[in-house]
Every structure is written in C-alpha cells, then in structure tokens.
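Right, one structure below, let's go through it.
Every number in this text was worked out from the coordinates using simple rules, so none of it is lab data. Source: prediction; values computed, not measured. All Cβ positions, glycine included, derive from the backbone under ideal geometry; neighbour counts span all protein chains shown.
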Amino acid sequence: MSTAAHRAAVKPAMRKPVFVKVDQLKPGTSGHTLVVKVVNSFSVLQKGRAASAHLRQTRISECLVGDETGSIIFTARNDQVDIMTPVATVIIRNAKIDMFKGSMRLVVDKWGRVEVTEPANFNVKEGNNLSLIEYELVNVAEE
C-alpha cells in the first residue's frame with residue numbers, strides 16, 4: 001500500500017470541542033463553541049420572495065442568549081429561528097462575532113451549527129450583556 005493511499009484510508013481523529021463562556025467573546029473572533037440558554041427572541045425580518053416560488057422566505061430573529069458569565073445577542077437566520085425558542089438550551093458550534101452598529105452579535109453561518117441539548121442548570125447573567133457595549137473602530141497610525 002502506498003503512503004498516499006494509507007493516509008487517505010486513515011482519517012484523523014476528530015478534535016474535542018473547546019467550550020468557551022460568553023464573557024470570553026471578543027470582537028472579530030470566530031470558531032467559538034458555547035452552551036447557552038435562550039432568554040428571549042424577537043423577529044426582526046421576515047420577507048418572502050414573490051418572484052420565485054422555489055426560493056424560501058428569509059427570516060431573521062435577534063435572540064438574547066447567555067450563560068452564568070454573561071449574555072449576548074445571537075442573530076438567528078431561517079431554520080435557526082425555529083430552534084431558538086425561549087428557555088431552550090442550545091449548543092452553538094463554530095460561531096463568530098459580527099459587529100452591528102458598533103456592538104457585538106453572535107452569528108452562525110453555513111459552516112457552523114446550532115442544536116438543542118438537554119437543559120442546563122445555570123442561571124443566565126443578564127446584567128453582563130456584551131451586546132450593550134459599544135465599540136469604536138480606531139485607525140492606528142503607522143510610523
């Protein structure tokens with residue numbers, strides 16, 4: 001058996017996910033895996049496409065999610081909207097932080113995943129809402 005064929009036959013073992021807490025999230029970072037509870041969910045956008053019957057309508061909701069260290073607004077899109085029901089505990093995999101009007105939003109794109117898990121036994125710390133912190137883009141002068 002050649003070396004290349006042997007490498008193709010042996011798959012590398014999957015890495016264990018490293019779970020982070022909400023208070024560890026920073027602007028511009030990605031690849032986060034979290035276990036959070038959904039506090040509430042508000043529908044922001046729901047628009048259909050009348051021109052094309054085969055295309056689905058776009059749904060966007062902003063959901064306040066958190067753990068025992070803090071909370072943040074999660075932007076749910078399409079199928080994620082159905083999963084993000086209040087009081088549900090979810091695992092968010094491969095999430096990234098997007099900036100919206102100077103504040104952080106937790107987002108899962110096509111490379112990530114949102115799945116319901118068994119209820120967690122922690123209370124969400126709503127007093128430390130990271131989405132309420134306003135960030136400002138600063139240009140660093142090169143010398």
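Would you please give the FRET efficiency between Phe122 and Gln46, computed as 1/(1 + (r/R0)^6) with r the Cβ-Cβ distance and R0 = 30 Å, to the nearest 0.05? Computed FRET efficiency for Phe122 and Gln46 comes out at 0.45. Fully extending the segment from Glu136 to Phe19 would add 39.3 nm, taking 0.36 nm per residue of separation and subtracting the current Cα-Cα distance.
Residues whose amide H comes within less than 5 Å of that of Ala88, counting only those at least five positions distant or on another chain, are Val38 (H built at 1.01 Å from N in the peptide plane). Amide H to amide H distances under 5 Å link Ser103 with Tyr135, where only residues 5 or more positions off or on other chains count and H is placed in the peptide plane. Charged side chains reduced to their Cβ positions (Lys and Arg at +1, Asp and Glu at -1) give the chain a dipole of some 740 debye around its Cα centre.
Taking a ≥ b ≥ c as the square roots of the eigenvalues of the Cα gyration tensor, segment 97-143 is oblate, since a/c reaches 1.5 or more and a/b is not larger than b/c. Per-residue 3J(HN,Hα) values for segment 69-80, derived from phi via the Karplus relation 6.51 cos²θ - 1.76 cosθ + 1.60 with θ = phi - 60°, read 9, x, 9, 7, 7, 9, 8, 9, 10, 6, 5, 5 Hz in sequence order (x marks Gly and Pro). Residue order for Leu106, Leu64, fewest other beta carbons within 10 angstrom first, comes to Leu64, Leu106. Based on alpha carbons, the Rg and Dmax found for the chain are 18.7, 60 Å. Each residue of segment 82-91 was assigned a 3J(HN,Hα) from its phi angle through the Karplus curve 6.51 cos²θ - 1.76 cosθ + 1.60 (θ = phi - 60°); the sequence is 5, 6, 7, 9, x, 6, 6, 9, 10, 9 Hz, with glycine and proline shown as x.
Using the structure shown, select from Lys16/Lys101; Lys16/Lys37; Lys11/Lys37; Lys21/Lys110 the pairs with a Cα to Cα distance greater than 31 angstrom. Show your work: numbers first, answer last.
Numbers: Lys16/Lys101 34 Å; Lys16/Lys37 22 Å; Lys11/Lys37 34 Å; Lys21/Lys110 22 Å.
Lys16/Lys101; Lys11/Lys37, as the Cα separations exceed 31 Å there.
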